[in-house]
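Trainee: I'd like to ask some things about the structure below.
No lab work stands behind these numbers, since they all come straight from the coordinates. Everything quoted here is computed from the prediction, not taken from an experiment. Cβ: placed from backbone, ideal geometry, glycine included. Neighbour counts: every protein chain shown.
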Amino acid sequence: MSALNIGARALNANLAALQVIGNNIANVNTPGYSRQNVIQQSSGYQQMGNGYFGMGVEIATVERSHNQYLTREAQKAGSVASADALRYARLQQLESAFPTGSAGLGTALNDMLNAWTDVSSSPGNLTARVVVIAKGEELATRLRNTASQIDSLQHTTKQQVAGAVDRINGLAQDLAKVNARITESQGNGHTPNDLLDQRDKILGDINKYVQTTSVPAADGSVSVFIGGSQPLVLGTRANALAVGQDSTDSSRVALSFVQGGVSTAVPDASLGGGELAGLMRFMNEDLVDVQNLLGRMALATATTVNNQHKLGVDLQGNPGQNFFNPPAAAVGLPRPGNTGSAEISASVADPTALVASDYELRFEAGGMSVVRLSDGTATPVTSLPAVVDGLNFNLDNGAGAPGDRILVRPYAAAARDLQVAIGSPDKLAAASPVMVTPGTGNSGGLSVESLYASSASPNLTDPVTITFLADGSFTATGLGPGNPPPDNAGPPPSYNFKPGQSITLNGWSLTMRGSPGAGDTFSIGAAPAGAISQNAGNSAGMLGLRDLPTYGGVPLSDGYVSLFSDIGTRVQGAKFAADFSANVANTAETARANVAGVNLDEEAARLLQYQQAYQASAKFLQIAQSTFDSLLQTVGR
C-alpha cells in the first residue's frame, strides 16, 4: 500500500502545482496579482526491518512571490509620481490661460499705451480718443477673462480634491474589510495569498491619492497612517478625511482628519505625495501665486495710468479723472480666535514698489509686524497706517490684541473687477496743465520734445525760468520746495543738462534735445485755457509710462513678460519633476514586478516540468497497481 500511497501523493502534489501554474497564467494581466508557487515537502518516512523508506511528497503550502520592501518602494515612488504628474497637467491648463502674441495680455497693454501716439499727434481728434478708450476696454476685458479662467481652474480643482478625498475614504473602508478577512483567515496556518494581493492593491490605490505609512500587525492586518501620524486605517477600523473651507480665507479649501467625531487640521505640506498633494499644492500655491502676479499687473497698471491721467486736462478744460475704476481696498480677513476687534484694509501707495504676495498683519506685545507670506519677510511697524511694499495698511476700526493675526490679499480681486471709467472721448485728459515757451533770443540749438505733469505738486503751474550757462548747465528760478538741490554749487548754482534726459522740477517733466547756447531761456508756466485742443502734453506723459520701471525695475510695458516667464518656469519645473519621478516609479515597479510578476516563459517551462512529473507519477501509480494486482492473483491461487 505504501507504493500506492507514494504514487497518489505525488500525483496530487504535481496536479496541485499544475493548477497553481495555470492560475498564474490566467492572472498574468490581473493588476496587483503576485505569482504563486506550490511549496512541496517530504511526507516523512517509515521504518522497515531493512531501513527507512520515504513516504512520498505532500504540499506544505502555496506562497506568493512578494518582497515587502520592493512593494513599499513602488507604492511610495508611484505616490510621488502621481502628485507631480497631476500638478504638471494642471499647470499646463493654467499656462493656456496666458497666451502670447496678439492674443496676449502684453499686446493689449502695449496697444492701450501706444494708442496715445495718435492722440499726441492730433489731440483734438475724437476718433483717436475713442481708440484709446477701446484699447483700454480690451485690456480690462482680457484681464477679467484671465481672472475668470483662474477662478474656473480653482473651482474644478476644488471638485477634484473632494473627489480624491471621497475615493481615499472609500478605499480605507475597503482596506478595513480586507484586514478583517485576513485576520479571520490567519488561524489555519496558511497565508491568504489572494487577500494579501488585494490588500496591497488597495494600498497602492490609496498611495495614488495620498502618500501613506504602513505598519503591519501580527494578525496579518496592516494599519495605514497619512499626514505624518493620522491613522486612516487601524486594523479593522477606518477613519476619514474631510474637505472644508479655510477658516480664514473662504476662497481656499482645507483638509481635516476625522476620528471619533473630532477633526484635526491636515497641513498641505504633510501630505507627501499622491494626487491630493499635487492638487493642494497647485491650488494653494501655484494658483495663488499666479493670481497675485496677475492682480499686481492689473493693480499697478490701473493705478499708474490713473495717476498720470488725473494730472492732465480734458477737452472741456477740466482736470483729468480716473481712466480705470479705482480698485477697492483689500479688506483684511481675521483669523478665528482673534480676541481684538481690529479691522484692516490695504490700498496702493506706490504702484512701482508692489510685490506679488499675500500679507499677514500680526499684533504683538511690543507692536505690530507685516509679514510677506511669499518669503516670510517681516516688517515691524509701530502704528497704522503704514506703507510696506508699496501698500498702505490702514486700521479702519477697532484695535488689535497681542496674538491676533489678519490675512490681507491685496491682489486677489484686482484683475477680476477691473473696468474702464472713461465713457466719452472728450473726457480723455490729453492736455498738459503746464506749457513751455522758448525765449525769443534763443540760438535755436535746443528743441522741446515733451512737457507734462509727472506728479501732483502744489507748485506745478508756478512760473519757472530755465537759463543755460556757457558750460551747458542751467539755472532755474521760481522753484518751489521739495526739488532736488543743484548739481553744481556755483556761483551761480546750476543743474547739469543731458540732451534727451528729462528735467523734473516742480512736479513737471521737461525733455529737450540739441545743444544749448549760453543765455538760452525757457519759461514754464500754466497752459492757457484756449489752447487745450492743441495741447497734447499729457499724451506724452501717458506714452512715457511704457518705460516706467514698475515691476522690480521691469518697465510697465514688459510687465506681462515677467508674469508669463514665472508661469513658464513653473511649468518647466513641474515637467522635469514629473518626468523624473515617473522614471523612478517605473524603475521601482519593474523591480517589484521582476519578483512578483508572472513570466509566461518561466511558467511554460514549469508547466512542462510538472506535466512530466505528473505523467511519471501516474505511470508509477499504474505500475504499483499492476504489481499489486499480480501479487493478489499469485497469492489467491
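Trainee: At 7 Å along the Cα-to-beta-carbon direction for both T156 and A89, put a label point, then send me their distance in nm to one decimal.
Mentor: 1.1
Trainee: Taking amide H positions as placed 1.01 Å from N in the peptide plane, with prolines and chain starts having none, which residues 5 or more places from L505, or on another chain, fall under 5 Å of its amide H?
Mentor: L510
Trainee: Using the Cα centre as the reference, give the magnitude of the dipole from point charges on the C-beta atoms of the stretch 130-169 (Lys, Arg: +1; Asp, Glu: -1; all else neutral), rounded to the nearest 20 debye. Kindly include the intermediate steps, with their values, before the conclusion.
Mentor: Details: 5 positive and 4 negative charges, 12 e Å.
Here the stretch 130-169 has a charge dipole of around 60 debye.
Trainee: Starting from the 7 Å offset along Cα-to-Cβ, what nm value, one decimal, do you get for the label separation of V571 and S122?
Mentor: The two pseudo-label positions are separated by 4.1 nm.
Trainee: Still on this structure: Would the stretch 434-526 count as rounded, prolate or oblate if I go by the C-alpha gyration tensor, calling it rounded below 1.5 in a/c and otherwise prolate when a/b exceeds b/c, oblate otherwise? Don't skip to the end; give the middle numbers.
Mentor: Details: a/c = 1.64, a/b = 1.22, b/c = 1.34.
Verdict is oblate for the stretch 434-526.
Trainee: When the chain is fully extended, how far beyond the present Cα-Cα distance does A328 get from D350, taking 0.36 nm per residue of separation?
Mentor: Working: separation 22, 0.36 × 22 = 7.92 nm, distance 1.53 nm.
Value of the extension gain: 6.4 nm.
Trainee: How far is helix 600-636 tilted off the main Cα axis of the chain, in degrees rounded to 10, range 0 to 90?
Mentor: 10
Trainee: Find which of L276, G261, T236 sits farthest along the positive direction of the dipole of the stretch 181-299, computed with +1 on the beta-carbon of Lys and Arg, -1 on that of Asp and Glu, about the Cα centre.
Mentor: Selected residue: G261.
Trainee: OK, next. For the stretch 530-637, state which chymotrypsin sites (Phe, Trp or Tyr not before Pro) are in a DSSP loop and have at most 10 other beta carbons lying within 10 Å of their beta carbon.
Mentor: Working: sites: Y551, Y560, F564, F576, F580, Y610, Y614, F620, F628; in loops: none.
Taking the stretch 530-637 and a limit of 10 other Cβ atoms within 10 Å, no loop chymotrypsin sites (Phe, Trp or Tyr not before Pro) are found.
Trainee: Sorted from fewest to most neighbouring beta carbons within 10 Å, what does the list L631, L294, L94, L126 look like? Before the final figure, lay out the partial values.
Mentor: Values: L631 10, L294 26, L94 20, L126 14.
Going from least to most buried by this count: L631, L126, L94, L294.
Trainee: So for the stretch 434-526, averaging the separation of alpha carbon pairs under 8 Å that are six or more residues apart and normalising by length, what relative contact order in percent results? Mind showing how you got there, number by number?
Mentor: Details: 202 pairs, mean separation 43.7, N = 93.
Worked out over the stretch 434-526, it gives 47 percent.
Trainee: In whole Hz, with x marking every Gly and Pro, tabulate ³J(HN,Hα) for the stretch 369-379 from phi via Karplus 6.51 cos²θ - 1.76 cosθ + 1.60, θ = phi - 60°.
Mentor: 9, 9, 9, 7, 6, 5, 9, x, 5, 10, 10
Trainee: Could you tell me which residue out of V165, V57, S369 lies farthest along the dipole of the chain toward its positive end? Charges go on the beta carbon: Lys and Arg +1, Asp and Glu -1, centred on the Cα centre.
Mentor: Of the listed residues, the answer is V57.
Trainee: Further question: Can you list residues from other chains, or at least 5 along the same chain, whose modelled amide H is less than 5 Å from the amide H of V434?
Mentor: A453, A527
Trainee: Please list the non-local residues whose amide H lies under 5 Å from the amide H of E449, H modeled 1.01 Å from N, same-chain partners needing a gap of 5 or more.
Mentor: The answer is T511, M512, R513.
Trainee: If you don't mind, there's one more thing I want to ask. Work out the count of Lys pairs in the chain where the Cα-Cα distance is under 16 Å, with the pair 8 or more places apart or on different chains. Spell out each step's value before the answer.
Mentor: On the way: K76/K201; K76/K208; K135/K427; K177/K201; K310/K427.
Lysine pairs meeting the criterion: 5.
Trainee: Another question about this same structure. Which ³J(HN,Hα) values, rounded to whole Hz and listed in residue order, are derived for the stretch 170-180 from phi using the Karplus coefficients 6.51, -1.76 and 1.60 in 6.51 cos²θ - 1.76 cosθ + 1.60 with θ = phi - 60°, glycine and proline given as x?
Mentor: Along the stretch 170-180, the couplings run x, 5, 4, 5, 5, 5, 4, 5, 5, 4, 5 Hz.
Trainee: A414: net charge of surrounding residues, Cβ under 12 Å, Lys/Arg +1, Asp/Glu -1, itself excluded? Present the calculation step by step, with values, prior to reporting the outcome.
Mentor: Numbers: positive: R144, R296, R409, R416; negative: D417.
Once all neighbours under 12 Å are counted, the net charge is +3.
Trainee: Take T61 and Q19, extend 7 Å from each Cα along the Cα→Cβ direction, and tell me the distance between the two endpoints in nm.
Mentor: Once both label points are built, they end up 1.8 nm from each other.
Trainee: Here's another thing I want to ask about it. Subtract the Cα-Cα distance of A134 and T504 from 0.36 nm times their separation in residues, and report this length gain in nm to one decimal. It would help to have the intermediate numbers written out before the result.
Mentor: Working: separation 370, 0.36 × 370 = 133.20 nm, distance 3.14 nm.
Extra length from A134 to T504 when fully extended: 130.1 nm.
Trainee: Just checking my list (i) 98, 68, 55; (ii) 157, 53, 48; (iii) 100, 70, 42 against Cα extents along the principal axes in Å computed from this structure; which label fits?
Mentor: Working out Cα extents along the principal axes in Å from the coordinates points to (ii).
Trainee: Can you find, among A147, A302, A470, the residue sitting farthest towards the positive end of the charge dipole of the chain, where Lys and Arg contribute +1 and Asp and Glu -1 at Cβ?
Mentor: A147
Trainee: Taking θ as phi - 60°, what are the ³J(HN,Hα) couplings along the stretch 571-582 by the Karplus curve (6.51, -1.76, 1.60), each to the nearest whole Hz, with x for Gly and Pro?
Mentor: Once rounded to whole Hz, the list reads 5, 5, x, 5, 5, 4, 4, 5, 5, 5, 5, 5.
Trainee: For a label point 7 Å from the Cα of R237 along Cα→C-beta, name the residues of the stretch 159-179 whose backbone N is under 20 Å from it.
Mentor: Hits in the stretch 159-179 for R237 at 20 Å: 169-179.
Trainee: For the chain, calculate the relative contact order in percent as a whole number, restricting contacts to Cα pairs under 8 Å that are 6 or more residues apart.
Mentor: Values: 1212 pairs, mean separation 118.3, N = 637.
In percent, rounded to a whole number, it is 19.
Trainee: Set the Förster radius R0 to 22 Å, insert the Cβ-Cβ distance between S447 and D487 as r into 1/(1 + (r/R0)^6), and round the FRET efficiency to 0.05.
Mentor: Working: r = 23 Å, r/R0 = 1.03.
Approximately 0.45, to the nearest 0.05.
Trainee: What percent does the relative contact order of the stretch 205-364 come to when contacts are Cα pairs within less than 8 Å and at least six residues apart? Walk me through the numbers on the way to the answer.
Mentor: Details: 199 pairs, mean separation 26.1, N = 160.
The value is 16 percent.
Trainee: Something else now. Would you mind ranking T339, T264 by Cβ crowding within 10 Å, fewest neighbours first? Intermediate values should be presented prior to the final figure.
Mentor: On the way: T339 10, T264 13.
Ordered from fewest to most neighbouring Cβ atoms within 10 Å, T339, T264 come out as T339, T264.
Trainee: Determine, for S617, S473, S443, the number of other Cβ atoms within 10 Å of each Cβ, and report the residues in order from fewest to most. Can you show the working numbers first?
Mentor: Numbers: S617 23, S473 19, S443 14.
In increasing order of surrounding Cβ atoms, one gets S443, S473, S617.
Trainee: Under unit Cβ charges (Lys, Arg +1; Asp, Glu -1), what dipole magnitude, rounded to 20 debye, does the chain have relative to its Cα centre?
Mentor: Values: 39 positive and 51 negative charges, 300 e Å.
Dipole magnitude for the chain comes out near 1440 debye.
Trainee: Give me the extension gain from Q612 to R144: residue separation times 0.36 nm, minus the current Cα-Cα distance, reported in nm with one decimal. Don't skip to the end; give the middle numbers.
Mentor: Working: separation 468, 0.36 × 468 = 168.48 nm, distance 7.66 nm.
Answer, rounded to one decimal: 160.8 nm.
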